[in-house]
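Student: Please read through the structure below; I'll follow up with questions.
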Amino acid sequence: MTEPQQAAHNHDEHETSYLTHRQIMSVLAGLMMGMFLSALDQTIVATAIRTIGDDLNGLSLQAWVTTAYLITATITTPLYGKLGDIYGRKKLFLWSIGIFVVGSVLCTFADSMYQLAGFRAVQGIGAGGLFSLALAIIGDIVPPRERAKYQGAFLAVFGTASVLGPLVGGFFAGTSSIIGVTGWRWVFLVNVPIGIIALIVVNATLHVPHRRLDHAIDWWGAVTLVIGLVPLLTIAEQGREWGWQSSKAFLCYGIGLVGIIAFIFAERAMKEEALLPLRFFSNRTFTLTNIVGFIMGSAMFGGLAGLPLYLQIVKGSTPTRAGLLLIPLTLGIMSGSIISGQVISRTGKYKVFPIVGAGTLVVALAALSTVKPDTSLVATCLLSALFGFGLGNLLQPTVLAVQNAVSPRDIGVATSSATFFRQMGGTLGTAVFLSVLFNQWAARSGQEFKAAASDPNSAFSLATRDPQVLAQPQNKQFLATLQQMQSAGGSKAGAFNDTSFLHGVASGLTSPLFKAFTFGMSHIFLIAAAASVVSLALLFFLPNIPLRGRGPGDGGAAAAH
């Protein structure tokens, strides 16, 4: 930070009025309720997605359900930063909860994966404000030195959601119907009562000071951002199906490039009113943390998309059990965040934790790439916990670094920008990684079955010669389905839109299919590991600016604390 910037930085800090500990805890109650709504929804949907995909005959299209949600959440995130400055963050937080609930209701009426993706996009419009506004509000009322301590409360929300989500999602996914409504549709419908309670709690407890800052809304920036991102995400999802050099692919490349160039020009024209003010990129901390956030967002969401499918498809876990087996990952995130938060609060230094986090992720992702169908669940859970520990050391310290590197008046925009880049990476990562996974799975399965059939001692060959195995109806159905898939071009990812035909099939018959799945999964973890190496290298150049304490004008508040 240059000396003039530092002077402005300190001047703004002197004008900042932080709240007392009691006031902060009251505000936290409202923030945690809103974030609980979003966190619970993500864990419930992740647990139930296989059942949903099988029922709607589109499991390989699940990337659209996730990316549609992330696209709208990503694009609206910086808008919430600006609108919060104008209308107050509380009003926007209530609005985002309301939109999220409306999107949840719409999701219950979906009759196809594409419809569900569209309705999830509505949910994403609300979700874009839940996380970024909560972090911005904490940035408004808590000095950076103490912020890590209070943000630990958010981890309790995610920890609780990670335990309840699999139980609730597994219950709904495993129930055929409840009062005439298909079980999995309650995955979204349950958000309605939770959302209503959240609205009441937030309205009653979220009392934060608001000093109106009039802004011009950068609508052209939002429009050009959509034009730039959507075609690129489309080709990331459909590239292997269409061909990376097809006419459709080049059309997407062209439109995306034009959109990104137009977005840059729009941001230059809007200057301080831009969704992403270009002056922020002269701040090395802002630039580095957002590049790292983009990369780590793709690694995080890509990994989180693959693990539940592995546990359910390869390990045969129920949705509930698969969700519970991911608790070690959440505990890893919580422990990493709590440890880093406590040390940061005491020392005021944060740089070492993102470096430790990125290094841990490289090791964890490389190890996860070696997971096979016969890998023990204990080993998988331990690697998941290590993966989570790396994320925990990255997520909170990088947000703190961004908030600390800008003046308090820029916290809203800077926080939403940091969230934007992480979600944009997650959106792209989910689309690319799931596309790679399903295409590798489909392409590799033919090779695995051919190799297994040619080996008379393979588990597959032995099973096909076992009269008792062949006498079972589900095994007969599996072999018939397999033959149909091969004759219909089973090398396409769409061949696995419905994996319910795997239920109850002898392990010997499915072993080539599961080997092919883990082959595809190892690819996405290796890609994520390589990306994490880049992040690790960049983080060594991150400035270590001491975290600010309370402003001098807040001595009374400090004493009250």
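Student: Between their Cα atoms, which of LYS248/LYS315; LYS91/LYS351; LYS372/LYS450; LYS450/LYS476 are more than 27 Å away from each other?
Tutor: LYS248/LYS315; LYS91/LYS351
Student: A further question follows. Taking the Cβ of each residue in PHE519, PHE131, PHE100 as the centre, tally the other Cβ atoms inside 10 Å and list the residues starting with the fewest.
Tutor: Neighbour counts put them in this order, fewest first: PHE519, PHE131, PHE100.
Student: Order of SER435, SER535 from fewest to most other C-beta atoms within 10 Å?
Tutor: On the way: SER435 21, SER535 25.
Least to most surrounded, the residues fall as SER435, SER535.
Student: So between THR20 and ASN203, what do we pick up on full extension, going 0.36 nm a residue minus the alpha carbon distance?
Tutor: Going from the current span to full extension adds 63.9 nm.
Student: Arrange HIS21, HIS503 by Cβ neighbour counts within 10 Å, fewest through most, would you? Show your work: numbers first, answer last.
Tutor: Details: HIS21 14, HIS503 11.
The most exposed by this proxy come first: HIS503, HIS21.
Student: Then there's this: Between ARG279 and VAL378, what is 0.36 nm times their sequence separation minus the Cα-Cα distance? Round to one decimal in nm.
Tutor: Full-extension gain reported as 30.8 nm.
Student: Starting from the 7 Å offset along Cα-to-Cβ, what nm value, one decimal, do you get for the label separation of GLN472 and ALA269?
Tutor: Here the answer is 6.5 nm between the modelled labels.
Student: I've got another one for you. Which of the listed residues, GLN483, LEU538, ALA117, is farthest toward the dipole's positive end in the chain, when Lys, Arg count +1 and Asp, Glu count -1 at the beta-carbon?
Tutor: LEU538
Student: If you don't mind, there's one more thing I want to ask. With an 8 Å cut-off on Cα pairs and a minimum separation of 6 or more residues, tell me the relative contact order of the chain in percent. Write out the running numbers ahead of the final one.
Tutor: Values: 989 pairs, mean separation 136.4, N = 561.
Contact order relative to length: 24 percent.
Student: To the nearest 500 deg cm²/dmol, what mean residue ellipticity at 222 nm is calculated for the chain from DSSP H runs of n ≥ 4 alone, each contributing -39,500 (n - 2.57), summed and divided by the residues?
Tutor: Computed mean residue ellipticity for the chain: -26500 deg cm²/dmol.
We did not get these values from a lab; they are worked out from the coordinates using the rules stated. Since the structure is predicted, the reported quantities are computational estimates derived from the model, not experimental observations. As a convention, Cβ positions derive from the backbone with ideal geometry for all residues, glycine included, and neighbour counts pool all protein chains shown.
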